[in-house]
Amino acid sequence: MAQPVAIAIHGGAGNIRPENLSPSQAKKVERYLQEVVEEGYRLLQEGRSAIEVVEIAVRRLEDAGYFNAGAGAVPNEKGEVELDAAIMDGRDRKAGAVAAVKKVRNPVTLARLVMERTPHVLIVAEGADSLAQEWELPLRNSVPLSPDVPWSYGTVGAVALDKQGNLAAATSTGGIMGKKAGRVGDTPLIGAGTYAENGLLALSATGQGEYFIRSVLAYDVAARMRYARLSLSEAVREAFHQRLEAIGGQGGVIAISPTGEVFLHFNTPGMYRAAKNAQGHFTVGIFR
Ligand code: ASP
């Protein structure tokens, strides 16, 4: 049998309730999520690598303007946008991340280039923005915000399994509305908001970043799978219960196993999410 492919994406978890979103807005976002998943799935079937596909999917979500990432990012307490992103390749656990960048249009692409072109994992602020300029990446002010979208929620992320059996994860965010200047969340921290390792899982988180950092949530799920031999869904549920919820944290994750099992989990009223698993089964949702 051919090696199956699978993909899952999210557009953030939080206080997203039917009363805050009109049915037509909900439809619009669901349609967008579906398009991104279908495109990613097709690319994976064509043989593109998981790392390429998670980058492409997250770029699409950053460019959407619907989510708190890239074009749609929310401002900090000074009214400025500071973006964080990370990407991780499950083949060799190579990773790249940027934090508190202001200029680049697609932080996930900058994170990938940090992984590929430097010996480092995480580069922050002006140092990262000047690399974006040096590498001639498109800058933020070149993208107008979509005028017909008055709302913006949630971090974005993607996880994928490719035909070679490789896993990858990517996450990108504007952080938390009104955050202190210079605050960095879980998103760009490998093992907190983003993690991928072949043979175990790929995971991207969203929610109150401070709690995900304190729980080392993404790696905690991986460790439960490795050492306690739990399944993906058991490991996610236990990590949420015993680590995140034990200290009052809220949020969600998307995760994918080496066999293309997809698990989408959150303890908030909603999470923008969509996936297509190894059996080709498609799901999309916003509310609980
Ligand atoms: N986890 C992100 C952060 O704390 C925010 C979010 O997912 O909405 O920066």
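Surface exposure of the chain, expressed per residue as accessible area with a 1.4 Å probe, stands at 40 Å².
Largest accessible area first, the listed residues Phe266, Phe67 line up as Phe266, Phe67 when surface is computed with a 1.4 Å probe on the assembled protein chains.
Pairs from the table (Lys27/Lys94; Lys103/Lys276; Lys102/Lys276; Lys28/Lys276; Lys28/Lys102; Lys103/Lys180) lying more than 30 angstrom apart at Cα are Lys27/Lys94; Lys103/Lys276; Lys102/Lys276. Tell me the carbon and sulfur percent of the accessible area for region 43-191, rounded to whole percent, probe radius 1.4 Å. C and S atoms contribute 50 percent here. Of the DSSP H helices in the chain, those with a Cα length along their own long axis of 18 Å or more and a mean Kyte-Doolittle hydropathy reaching -0.5 comprise 50-64.
Across q = 0.11, 0.15, 0.16 Å⁻¹, the chain modelled as identical point scatterers on its alpha-carbon atoms has Debye log10 I(q)/I(0) values of -0.53, -1.04, -1.20, in the order of the q list. Here the chain is treated with +1 on each Lys and Arg Cβ and -1 on each Asp and Glu Cβ, and its dipole about the Cα centre works out to around 340 debye. Using the average count of surrounding beta-carbon atoms within 10 Å as a protection proxy, the listed peptides 166-176, 255-265, 54-64 rank, highest first, as 166-176, 54-64, 255-265.
Our summary gives the chain a relative contact order of 27 percent, counting only alpha carbon pairs under 8 angstrom and 6 or more residues apart. The rule of thumb for compact globular proteins, 2.2 N^0.38 Å, goes into the C-alpha radius of gyration of region 61-183 1.04 times. Name the most mobile residue of Glu136, Glu52, Glu80, meaning the one with the largest mean-square fluctuation, in a Gaussian network model of the chain with Cα contacts below 10 Å. Checking each option, the largest mean-square fluctuation is seen for Glu136.
How far apart, in nm, are the 7 Å Cα→Cβ label points at Gln34 and Thr283? Each label point lies 7 Å from its Cα, and together they span 1.7 nm. Taking a Cβ cut-off of under 13 Å around Lys78, the surrounding Lys, Arg, Asp and Glu residues balance to a net charge of +1, with basic ones at +1 and acidic ones at -1.
The values are calculated or read from the model by the stated rules, or taken from the named source; none is laboratory data. Keep in mind the model is a prediction, meaning the values are calculated, not measured. Note: ideal-geometry Cβ built from the backbone for every residue, glycine included; neighbour counts use all protein chains shown. For accessibility, only protein heavy atoms count, side chains too; no ligands or nucleic acids. Shrake-Rupley method; radii C 1.70, N 1.55, O 1.52, S 1.80 Å.
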